[in-house]
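I have placed the structure first, in the form of structure tokens, so that the comments after it can refer back to it.
The values are calculated or read from the model by the stated rules, or taken from the named source; none is laboratory data. Worth saying up front: this structure is predicted, and the values here are computed from it rather than measured. Every residue, glycine among them, receives a Cβ derived from its backbone with ideal geometry; neighbour counts consider all protein chains shown.
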Amino acid sequence: MAELTKSKLQHRKLTLVGILKRVIAISIGALLMATGLEIFLVPNNVVDGGITGISIMLSHITGVKLGVFLFVLNLPFVFLGYKQIGKTFAISTIFGILLLSILTTMFHHLPAFTDDVLLATVFGGMILGIGIGLVIRYGGSLDGTEILAILINKKVPFSVGEIVMFFNLFILGAAGFVFSWDRAMYSILAYVIAAKSIDTVVQGMEQSKSAWIISDQYREIGEAINARLGRGVTYLHGEGAYTGEDKKVVFCVITRLEESKLKSLVEELDPGAFLAVGDIAEVRGGRFKKRDIH
């Protein structure tokens, strides 16, 4: 029994079909992001937020290919992603970032789709956001800002969303000095459009999410969430209105990057479990601070 319980707490390996689906989704996501950047935004001096925005500005200043900065600047966050979210996430992220770096280098000499800055901003932001959202949905990331925010969140009394917003306001403001202030305003528009596109693909409007799980295997699920996601859980008492049976409810708060992993975990331990995931505008206090899982 102890060996069975221990095996449930260990990280589950993806099936061949699962790996193939993830590779295809991340590849398409990286392709879309590279297209949004090199065919729409970069030729018109419009930047995105996060590490991507920093990379675009450094590439413009130094003349070094954008792909080089995308890979080098995001690389440290792969290790942080491994410590904070897991090995599968880290592998998916480094694959996506490497492919993105290669594709942006290949697309660099292609002509811009349009020289109308407004059209480039709208469609570039939309395509880029869809690409990023697709990668997040399948358990990876193409920008290290959110991972860094999760780490900083452990040390400061600010939410992940507030930290990301602070970073991006600084980065998008810097675009006014590197390019021009009208391009900085277009960059803010591109960032907002990309953010909405990401939310649409991932089906989550906030950085944090609440999860409610009703299952007869509540103890195993709770222990697995603690061991494999590094999140604390709370067991609540419930009663079925129709049957009158006593039920245990597992409650936890996660980030949107962890939603895919939580769903897989619950499906693995109890395919018939009731799982509800909702958006949270803000999380304060308690034991929401995430611990390392490696």
Would a scan of region 34-42 turn up a residue that is acidic (Asp, Glu), assigned to a helix (DSSP H, G or I) and either buried (at least 24 other Cβ atoms within 10 Å of the Cβ) or touching a Ser or Thr at 6+ places or on another chain (Cβ under 7 Å) (or both)? yes
Output for region 236-276, where each listed residue is touching a residue at least 12 places away in the same chain (Cβ under 8 Å) and either assigned by TED's automatic domain parsing to the domain that holds Gly86 or surrounded by fewer than 12 Cβ atoms within 10 Å (Cβ to Cβ) (or both): His237, Gly272, Ala276
Report whether or not Ile54 is under 22 Å from the mean Cα position of the chain (by Cα), closer than 15 Å to Phe177 by Cα and at pLDDT below 95. yes
Given the structure, is Ser159 more than 25 Å from Ser59 (Cα to Cα), buried (at least 16 other Cβ atoms within 10 Å of the Cβ) and either touching a Lys or Arg at 6+ places or on another chain (Cβ under 9 Å) or assigned by TED's automatic domain parsing to the domain that holds Thr88 (or both)? yes
Matching residues, region 153-177, being small (Gly, Ala, Ser), part of a helix (DSSP H, G or I) and more than 18 Å from Gly129 (Cα to Cα): Gly173, Ala174, Ala175, Gly176
Given the criteria touching a residue at least 40 places away in the same chain (Cβ under 8 Å) and within 18 Å of the chain's Cα centre (by Cα), does Lys65 qualify? no
